[in-house]
Amino acid sequence: MFDIGVNLTSSRFAKDYLDILKRARWVGVTGIIIIGTNVHNSNKALSLSQENKNYCWSTAGVHPHYSNKWSEDSYSTLRCLANNPEVVAIGECGLDFHRNFSEPKQQIYVFQSQLELAVELNLPVFLHCRKAHNSFMSILKPFIPKLKGAVLHCFTGTDTELRSCLDENLFIGITGWISDKNRGGELRKIIPLIPYTKLLLETDSPWLLPQDIHPLPLSKRNEPSFLPYILQQVAFLRKEDLMELDTQTTLNAHKFFSI
Ligand SMILES: [Zn+2]
C-alpha cells in the first residue's frame, strides 16, 4: 500500500509523527507522499521526507486556499525546493470555489503558474479541485500534453466529472470519502469506472477519517495506518481482489512519482 496524500506537516501530527510513521509501516504502508500546501510547509514537507528517506517523499506547491499568499518570489522558491530529489511533484495546486478562501482570479493565476513550473521541471502535478470542475479543466487541458503526469487527489466529483478527467488521462486519488455512504454515495457507484492503472489511494490525513473504522478513534484524527480501510472499500466496490489491488495501486504510485 502506498499513501499518496498525507498532510504530515499538520499541527495535529506535530507531537507524534514518528509514531504515526511507525504504525503506517506496521500495517503495510510502504511509502508516503507528504503534501505541501504553501511555501512554508512545502519546505517542512521536504525536511520530513529527508529525515525519512526512501519512505517519505514530498510535493512542493500552493493550495488554492493559500493563493492569496502567493508572492513574486513564490515561483522561484518552489523551483528551488523542487530541485531536491525528495520532491516528486508540484502541488497541491488547483481551484477551490467551495470555500473561496482566496479570490477565484488569484486562484487561477496561482494554479497556472504552478502548471508552468511543473512543465519547466518535468514533474507531475498533484491537483485539488472542489466545486470548480469546468474552470479547472479548461485551465488544465492545454497543459496536459506537456505535463509528465497529473493526479486529481481526493476525487469527490460526479460521474460526468470523472469521465472528463479520465478523458484527459488523469490519475485519480481516492480517500476515505469512499466509505462515507452519504457524502460518498455517488463516488461509491462510479469507482469501477476508473481504470486499474489510473487508481491511487490516499488518506489525506489528518482529514477525512474513514467512517468504517470500529471503534472510531476519539480524536477523529485520520492517519496513514488507516489506509487499509480505504483499500478494502475500493476492492469491495470494484469487486476486485484485495491483494491485487494493493499491488497495482502501489505500482501506480511508484510509476506516477518515478520512485
Ligand atoms: Zn486537497
- request: Test ILE172 against the criterion of being within 22 Å of ALA118 (Cβ to Cβ), open to solvent by 10 Å² or more (accessible area, probe 1.4 Å), outside any helix (DSSP H, G or I) and among the β-branched types (Val, Ile, Thr), and give yes or no.
  value: no
task: Please find, within the stretch 62-74, the residue that is farthest from ASP3 (Cα to Cα) out of those that are part of a loop (DSSP other than H, G, I, E, B) and more than 16 Å from the ligand (Cβ to nearest atom).
output: GLU72
field: Verdict on LEU123 being over 29 Å from GLN233 (Cβ atoms), part of a loop (DSSP other than H, G, I, E, B) and in contact with a helix residue (DSSP H, G or I) (Cβ under 9 Å, 6 or more places away or on another chain)
entry: yes
- prompt: aliphatic (A, V, I, L, M) and in a helix (DSSP H, G or I), is that true of LEU46?
  reply: yes
message: Which count do you get for residues in the stretch 216-244 that are outside any helix (DSSP H, G or I) and either charged (D, E, K, R) or more than 14 Å from TRP177 (Cα to Cα) (or both)?
response: 10
Residue in the stretch 5-24 that is assigned to a loop (DSSP other than H, G, I, E, B), touching a Leu at 6+ places or on another chain (Cβ under 8 Å) and surrounded by 20 or more Cβ atoms within 10 Å (Cβ to Cβ) present: yes
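Yes/no matrix, rows are residues, columns are (1) in a helix (DSSP H, G or I); (2) at pLDDT below 95; (3) within 14 Å of the ligand (Cβ to nearest atom):
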site: SER76; (1), (2), (3): yes, no, no
site: ASN84; (1), (2), (3): no, no, no
site: ALA89; (1), (2), (3): no, no, yes
site: GLU92; (1), (2), (3): no, no, yes
site: ILE108; (1), (2), (3): yes, no, no
site: LEU117; (1), (2), (3): yes, no, no
query: Can you tell me how many residues in the stretch 1-41 are within 14 Å of the ligand (Cβ to nearest atom), more than 21 Å from TYR229 (Cα to Cα) and either of a type in the set (Ser, Thr, Tyr) or out of contact with any His (no Cβ under 9 Å at 6 or more places or on another chain) (or both)?
result: 4
query: What is the one condition in (1) outside any loop (DSSP other than H, G, I, E, B); (2) open to solvent by 50 Å² or more (accessible area, probe 1.4 Å); (3) in contact (Cβ under 8 Å) with a residue 12 or more places away in the chain; (4) not hydrophobic (A, V, I, L, M, F, W, C) that THR59 does not satisfy?
result: (2)
message: For the stretch 204-228, give me the residue count where each residue is at pLDDT 95 or above, open to solvent by 20 Å² or more (accessible area, probe 1.4 Å) and in contact with a helix residue (DSSP H, G or I) (Cβ under 8 Å, 6 or more places away or on another chain).
response: 3
message: Any residue that is among the polar types (S, T, N, Q) and touching a helix residue (DSSP H, G or I) at 6+ places or on another chain (Cβ under 8 Å) - is there at least one of those in the stretch 131-149?
response: yes
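The values are calculated or read from the model by the stated rules, or taken from the named source; none is laboratory data. What you see is a predicted model; the values in this text were computed from it and never measured. Every residue, glycine among them, receives a Cβ derived from its backbone with ideal geometry; neighbour counts consider all protein chains shown. Just the protein is used for accessible areas: all its heavy atoms, side chains included, with ligands, DNA and RNA removed. Shrake-Rupley method; radii C 1.70, N 1.55, O 1.52, S 1.80 Å.
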